[in-house]
Amino acid sequence: MAGHSKWANRLHRKSRQDAKKGKVFGKLSREIIVAARLGGADPAANNRLRLAIQAAKAARMPSDNIERAIKRGSGEADGESYDEVVYEGFGPGNVYLMLGCLTDNRQRTVSEVRNILDRHGGTLADAGSVAYLFERKGLVVVAKGDGMDSEQLFLEAAEAGAEDVRDEGDYFEITTDANDLAAVLERLNAAGITEERAELTYVPKVTQPVPDEQARKLLNLLELLDEHDDVQRVYSNFEVSDAVLAALEN
């Protein structure tokens, strides 16, 4: 069975290859703006900003765009102000959903998110209905490649305090306590291990298998939510068959 992490890795690959760079860059810019507003313009002292900049560079976002977003967030330049909000819901197959959004108009965003859910077999839930079933964690994804020493990866992650290291096929996924993400990432980088991405995420405490006949509908809903301009991250607790996910890949 394949779960949310494999789907998320698929979306990450897709976003890096996406021809619609404007939409990808827009989401990355919003994250940089909010990170700089909340924690300051210095990436060395603001781990969230450092991760946001790394993600932007990995997507080949121009340096001028990155600098402009930092200045807007820190107040050095004018621009929109975004609020950070998490919506909760349910999807086909009785799965749980957490939607991390950055918006300049909460009323518009919640209305549009509700409309997507209603039209594609999901429902928006009250705050607190789903959140208690997830844990806030740090996640480091390291792509396998030539010269990758898996034993060193496991050792360095463990020494830095990582909670778990999983082999996910083309990737290793390292899970940490949310407060330990920066330390684990620093230890890995010092050992010459470069991450594909690193982020704070929501990890489900329990997973929900979804029958094949509902899986396509669910994954279609998740993709529509992910494509919404205001939705930065989509988290869920689903498990679907590898065959369904492979068919979606192709």
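Rule-based calculations on the coordinates, nothing more; no lab input. As the structure is a prediction and not an experimental result, all values here were calculated from the model. When we count neighbours, we look across all protein chains shown, and the Cβ atoms used for this are built from the backbone with ideal geometry, even at glycine.
The table that follows gives values for the structure above.
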read-out: Output for the range 19-54, where each listed residue is in a loop (DSSP other than H, G, I, E, B) and within 16 Å of residue 67 (Cβ to Cβ); value: 40, 41, 42, 43, 44, 46
read-out: Single residue of the range 195-250 satisfying the filter (small (Gly, Ala, Ser) and closer than 25 Å to residue 110 by Cα) that is nearest to the chain's Cα centre (by Cα); value: 236
read-out: Residue 232 being closer than 18 Å to residue 55 by Cα, out of contact with any Phe, Trp or Tyr (no Cβ under 7 Å at 6 or more places or on another chain) and either among the polar types (S, T, N, Q) or part of a helix (DSSP H, G or I) (or both); value: yes
read-out: Residue count, the range 37-82 (criterion: surrounded by 15 or more Cβ atoms within 10 Å (Cβ to Cβ) and charged (D, E, K, R)); value: 7
read-out: Restricting the range 191-231 to residues that are under 22 Å from residue 46 (Cα atoms) and among the hydroxyl-bearing types (Ser, Thr, Tyr), the residue that is surrounded by the fewest Cβ atoms within 10 Å (Cβ to Cβ); value: 194
read-out: In the range 83-96, residue farthest from the chain's Cα centre (by Cα) [restricted to those that are within 11 Å of residue 231 (Cβ to Cβ) and surrounded by fewer than 17 Cβ atoms within 10 Å (Cβ to Cβ)]; value: 85
read-out: Among residues of the range 68-84, those that are under 18 Å from residue 103 (Cβ atoms) and in contact with an Asp or Glu (Cβ under 9 Å, 6 or more places away or on another chain), counted; value: 6
read-out: Filtered residue count, the range 127-159, keeping only those that are on the phi > 0 side of the Ramachandran plot and touching a residue at least 40 places away in the same chain (Cβ under 8 Å); value: 1
read-out: Index of the failed condition, residue 99 passing every other in (1) of a type in the set (A, V, I, L, M, F, W, C); (2) within 18 Å of residue 208 (Cα to Cα); (3) surrounded by fewer than 15 Cβ atoms within 10 Å (Cβ to Cβ); value: (3)
